Structures are given as C-alpha cells and as structure tokens.
Amino acid sequence: MSSQLHPPWGYSKDIGPDTWHKNYPFAKGDNQSPVELNTDAIHQDPILLPWFTSYDPGASKTLLNNGKTCKVVFDDTFDRSVLRGGPLPGIYRLRQLHFHWGSTDNQGSEHIVDGARYAAELHLVHWYSKYSNYAEALRQNDGVTVVAVFLEVNTKGLFSIFSQGKEIPFQKFDPSILFPKSRGYWTYYGSFTTPPFEECVTWILLREPIIVSADQMTKLRSLSCKAANEPHCPLVDNCRPPQPLNYRMVRASIQ
Ligand SMILES: [Zn+2]
C-alpha cells in the first residue's frame, strides 16, 4: 500500500511519539502542539473577539474508528457548518471532530493546564474557506483552526464503534452540543498533533471543560485499535506529549 507515503505511526513505544520525527520531520518544528499552559503567564487580550459557530446538523456524515481515534466526518464542500470570530480572519469550515483520551481519568488530554491533564480532549478541525480545498489550506499559516474542548469525568451512549476500521452512518448530529456554557478561550499558533504535524493551526482552547460520565469514558476506552478479526487492543492514551512553546505567545479572551 502507500506505506512509503504514510509510514506507520502510533502511540506504542516502538512507533510512538519519540520516533515520529524520523518519518515526519515537521515534528521537530518550532511551532508544535500540544503545549503546556501556565495560566498565570497568559496575557489577557482585549482585542480577542467572541467566536461563533453555525453548524448544520445535516452536515454530519459518518462516525469511524481509524485505529488511532474516534472521528466524526462532516460535509465540507460548501460553507455549511462554519466557525468565525475569535482570533480568526475569516470563515472556517468544519471538516471533522475527534477525541484523544487516556487509560485513566487523570490523563488523556493533549494540552496540559497548570500541570493538570484532563481525561480527554475533543478537537473540532476547521479550514479557512477562502482556500480552494483542505489540502491547500494545510499549506498556509492561517489555513486551519482547531477548537479544543477538555473533558472531565464526573458522576452524572457515546458511540458504538468498537473495532478499528469500523464506520457507521452518523447523521443529524449538531456538534455544538459539545461546547461548554462559557465561551472563554486561550489561543496560540501551533500544529496538528498527529503526522505530518503541519504548522498551520490557530488553536482555540476552551477554558471551561465539559463533564462526561464514567460510563462514557468506559465506552471510549473500550474501542479497539485493531480490526474486528484481530485480538482486542484497547485504544487509549492516544495523546501526544507537550512540545516546547519556544517564543510563542498564548493569549486569553476577556470573557
Ligand atoms: Zn486531535
């Protein structure tokens, strides 16, 4: 297959984060994600505007487990489900959302806030619709924005795709139900946290986590990173460790 073009990678020791730069050199770039946030040092920026979404539930297409994450794919052939405002210069189309999560409740998020990791982190990936397609957007500094939502477990049916390679129709889903009440955010310039780590991402990290049940986390942790006919291998701890912030500025909205 296309193993030359896309060398294997994963989260286990042999093909894990410490090895990614060998096949994906962007991994050693100066603007990589995720990062560790020290909220005391974050500059409050009155210029940062509120952000808005207009999501069409009819745009959700499928839900799949690709062996590395659980992902919902949206129709992005026109400005159907969009995000604007905040630190963004224009209109960004929603392409997919996916999760990163841990084997226990105190790990799993990619971004770390004041030394703490959340149980999971949701990423909603959007691309700047002034570019002609997603591939072109990936080559631009302002091509992509990812809204990140932290998931915290509390006592209070996520998905039913247990094996890698499984894909089911997933329609009439409005992802804005996954946002917390508060729209306050931190923002910085970074990269994708999976190969090939393109540095084209305006991150919008929502400060308030959403609460999920222990049951929902158990469902995420029961997904398999192998195909249905292979031995079960729990898909957990699919998160990249924090990368150096270097000279980048993290800004906080006032809200
Ligand atoms: Zn992600």
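Just so it is clear, none of the values below were taken in a lab; they were calculated from the coordinates. Please read these numbers as outputs of a predicted model, since none were measured by experiment. Virtual Cβ from ideal backbone geometry, glycine too; neighbours counted across all protein chains shown.
Values computed for the structure shown
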quantity: Global geometry of segment 208-255, whether rounded, prolate or oblate, following the gyration tensor of its Cα atoms and the 1.5 cut on a/c; calculated: oblate
quantity: Within straight-line cross-link reach of Lys166, lysines at Cα separation under 21 Å, skipping those fewer than 8 residues along the same chain; calculated: Lys61, Lys68, Lys71, Lys219, Lys226
quantity: Three-way shape label, segment 10-86, alpha-carbon gyration tensor, a/c 1.5; calculated: oblate
quantity: Exposure proxy order (Cβ contacts within 10 Å, fewest to most) of Ser176, Ser191, Ser129; calculated: Ser176, Ser129, Ser191
quantity: Counted charge near Tyr131, where neighbours are those whose Cβ lies closer than 14 Å (Asp, Glu -1; Lys, Arg +1); calculated: -1
quantity: Rounded, prolate or oblate (a/c below 1.5 giving rounded, otherwise prolate when a/b exceeds b/c) for segment 13-252 by Cα gyration tensor; calculated: rounded
quantity: Spin-label model distance (nm) - Glu167 vs Ala227, 7 Å beyond Cα toward Cβ; calculated: 1.5
quantity: Estimated vicinal HN-Hα couplings, Hz - segment 203-209 in sequence order (Karplus 6.51, -1.76, 1.60; Gly, Pro = x); calculated: 7, 10, 9, 6, 6, 8, x
quantity: Burial ordering of Glu199, Glu121, fewest other beta-carbon atoms within 10 Å first; calculated: Glu199, Glu121
quantity: Net charge of Cβ neighbours under 11 Å - reference Leu49; Lys, Arg +1; Asp, Glu -1; calculated: +1
quantity: Karplus (6.51, -1.76, 1.60) ³J(HN,Hα), θ = phi - 60°, over segment 36-51, in Hz, Gly and Pro reported as x; calculated: 8, 9, 10, 5, 5, 8, 7, 7, 7, 10, x, 6, 5, 8, x, 10
quantity: Integer Hz, Karplus 6.51/-1.76/1.60 couplings in order for segment 87-97, x for Gly and Pro; calculated: x, 8, x, x, 9, 10, 8, 6, 10, 7, 10
quantity: Extended-chain gain in nm, criterion 0.36 nm per residue less alpha-carbon gap, Arg139 and Asn106; calculated: 8.4 nm
quantity: Total formal charge among the other residues, if their Cβ is under 15 angstrom from that of Gln255, Lys/Arg +1 and Asp/Glu -1; calculated: +2
